Amino acid sequence: SNPSLLILPGDGIGPEVMAEVRRIIAWFGEKRGITFDVSEDLVGGAAYDAHGTPLHDDTMAKAQSVDAVLLGAVGGPKYDGLDFSVKPERGLLRLRKEMDLFANLRPAQCFDALADFSSLKRDVVAGLDIMIVRELTSGIYFGEPRGIIEEGNERVGINTQRYTESEIDRVARSAFELAMKRGKKVCSMEKANVMESGILWREVVTEVGKDYPEVELSHMYADAGAMQLVRWPKQFDVIVTDNLFGDLLSDAAAMLTGSLGMLPSASLGAPMENGRPKALYEPVHGSAPDIAGQAKANPIACVLSFAMALRYSFDLGAEAERVEAAVNKVLGDGARTADLLGEEGVTPVSTSGMGDAILA
Ligand code: NAI
Ligand code: MG
């Protein structure tokens, strides 16, 4: 049967950028004979307007049954006054929680034509293609005990870094599986020199690595890793790290390569019956109410999120490369949405203009 994809355009520029992905999906059917069973549904404010909830139970059930979910963005000023329980963001949070998406994937990819926009030197970032896998559902942001307590005559703020072996094992497996579809290198980052959780992290990742003899595994202390990430990021392929270090490292890595309108992401869960992980793909950016409805949004983050789905959920790595090569080509040819303008005298293309160029 065809691979199945649930599209949740959401709010603001979400539907605008998703329209360009739908055209690319149609292109794959017409020109490449690759057909997806695509269903579309509401999420966020759009779902609240229709059903009084940011994610209908039927939508949740659909998300659990498809090979991959592709989401645009949720939220907007219209919904700012809503009760917390029905805020648009809650729709996204429910998807992440009920699909148990414990591995957050943030690629840092630098297209040649944009290398001069980076704050780093061109040769450090040109052609960069690395993936940070951040553990997303455990660690110091969730560990107990936590709180602010009285101790003697002052207060103490407490958080607990806590990882079970199985939590480390599953995110490590996600990282090795990804590496098998990429450059076959994993670098694990922790602080085994000063943290017990780091010692366990290193042990478990090393064990998991034995199941992937083709993948070259290395370990780095996370502080040294941060330095290496900025010094020479091309030494990495897949980096796997915990929730806290991953938060910092992935934000830093994102800025190696330019605009928010270019950044895709994915969140992966446990393998399903077909062996592929549950997966939600989405651009990093939000619903951009300041430019919504003006045909200014850059669709590339959403297009690249779809490319990630091709590679990691549908085993269509060559087709993913085709999409990425098209993006690289149009940028090289000078097509720029307004968020990418830097040079004088360049007229920005619209959202669909960028879609046209990518399709061509
Ligand atoms: P945002 O990412 O929506 O926008 C930040 C800035 O980047 C804006 O100036 C926007 O115009 C620009 N921008 C973002 N995406 C762009 C694109 N594809 N092309 C061109 N320019 C782009 O973040 P902001 O303004 O903080 O949040 C707006 C709304 O989005 C809020 O309701 C927020 O809660 C929601 N949001 C939703 C997310 C999601 O659905 N995953 C993530 C972040 C925010
Ligand atoms: Mg962050």
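Summary of values
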read-out	value
Under the Karplus curve 6.51 cos²θ - 1.76 cosθ + 1.60, θ = phi - 60°, whole-Hz ³J(HN,Hα) for region 121-127, x wherever Gly or Pro sits	5, 3, 5, 6, 10, 4, x
Region 240-360 - Debye-derived log10 I(q)/I(0), Cα point model, q = 0.10 Å⁻¹	-0.36
Region 1-143 - Kirkwood radius from inverse mean 1/r over Cα pairs (Å)	17.5 Å
Pairs from K78/K296; K31/K234; K181/K210; K62/K181 whose Cα-Cα separation, in the structure shown, is over 23 Å	K31/K234; K62/K181
Principal axis dimensions, region 1-62 - Cα atoms, whole angstrom, descending	40, 27, 10
For I132, distant residues with modelled amide H under 5 Å away	R106, A108, I239
In order through region 163-178: 3J(HN,Hα) via Karplus (6.51 cos²θ - 1.76 cosθ + 1.60), integer Hz, x for Gly, Pro	9, 7, 4, 5, 5, 5, 4, 6, 6, 5, 4, 4, 5, 5, 4, 4
Calculated [θ] (222 nm, deg cm²/dmol) that DSSP helices of n ≥ 4 give over the chain, each run adding -39,500 (n - 2.57)	-12000 deg cm²/dmol
Residues with amide H under 5 Å from that of V284, placed H, sequence gap 5 or more	L263, S265
Distribution of pairwise C-alpha distances over region 129-255, 5 Å bins, in %	2, 11, 21, 22, 18, 11, 6, 4, 2, 1, 1, 0
Cα-based Rg / Dmax (Å) for region 217-303	16.0, 47
Of D211, D247, D11, the one that fluctuates the most in a GNM where the chain has Cα springs shorter than 10 Å	D211
For region 254-310: rounded, prolate or oblate by the Cα gyration tensor [a/c cutoff 1.5]	prolate
Within a Gaussian network of the chain (alpha carbon springs, distance under 10 Å), most fluctuating of M99, M180, M195	M195
Counting DSSP beta bridges with both ends in the chain, the antiparallel % (nearest 5)	45 percent
Semi-axes of the equivalent ellipsoid for region 74-121, Cα gyration tensor, largest first, Å	34, 18, 7
Largest-first ellipsoid semi-axes for the chain, taking √(5λ) over the Cα gyration tensor eigenvalues, angstrom	32, 25, 22
Nonlocal amide H pairs with H219, under 5 Å, H built at 1.01 Å	S188
Highest-MSF residue in the chain out of A172, A253, A318 [GNM, Cα springs under 10 Å]	A318
J(HN,Hα) series, region 180-195, from Karplus relation 6.51 cos²θ - 1.76 cosθ + 1.60, nearest Hz, glycine and proline x	4, 8, 10, x, 6, 9, 10, 10, 9, 10, 7, 10, 5, 6, 10, 10
Distance between region 298-360 and region 26-104 - C-alpha centres, whole angstrom	23 Å
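Read-outs throughout are calculated quantities, based only on the coordinates presented, and are distinct from any laboratory measurement. In this text the structure is predicted, and so the values were computed from the model without any measurement.
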